[in-house]
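See structure below.
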Amino acid sequence: MHNKFALVEAPEGRSVIFGSYNWSEPSRRLNREVGVIAGDPALFDAFAARWEVLSKQAHFEG
């Protein structure tokens, strides 16, 4: 699975940004992509749990 998501914690609340959107200029101007911003606490918690799994499995070089 190709994961693209960001967890945002701010004074206003928590949200998760996810979808097919590549955060680049060509994607913004040329491609048809999806980017979702959701403030649902259960969804945030689900993505945060996934992040914990991914970060523990990651292998960093350098």
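Of all residues in the stretch 30-41, one or more are among the charged types (D, E, K, R) and at pLDDT 95 or above.
So that you can scan it fast, the table gives a plain yes or no per residue for (1) in a helix (DSSP H, G or I); (2) in contact (Cβ under 8 Å) with a residue 40 or more places away in the chain:
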{"site": "Asn3", "(1), (2)": "no, yes"}
{"site": "Ala6", "(1), (2)": "no, no"}
{"site": "Ser15", "(1), (2)": "no, no"}
{"site": "Asn22", "(1), (2)": "no, no"}
{"site": "Ile37", "(1), (2)": "no, no"}
{"site": "Phe47", "(1), (2)": "yes, yes"}
{"site": "Arg50", "(1), (2)": "yes, yes"}
{"site": "Val53", "(1), (2)": "yes, no"}
{"site": "Lys56", "(1), (2)": "yes, no"}
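Taken over the stretch 13-29, the residue count meeting the criterion of being within 12 Å of the chain's Cα centre (by Cα) and at pLDDT 90 or above is 5.
Do the conditions hold for Pro11, that is, is it without any contact (Cβ under 8 Å) to a residue 12 or more places away in the chain and either charged (D, E, K, R) or out of contact with any Pro (no Cβ under 9 Å at 6 or more places or on another chain) (or both)? Here the answer is yes, as Pro11 does meet what is asked.
The values are calculated or read from the model by the stated rules, or taken from the named source; none is laboratory data. What you see is a predicted model, and the numbers here were worked out from it, not measured in a lab. Cβ sites come from the backbone with ideal geometry, for glycine too, and all protein chains shown count toward neighbours.
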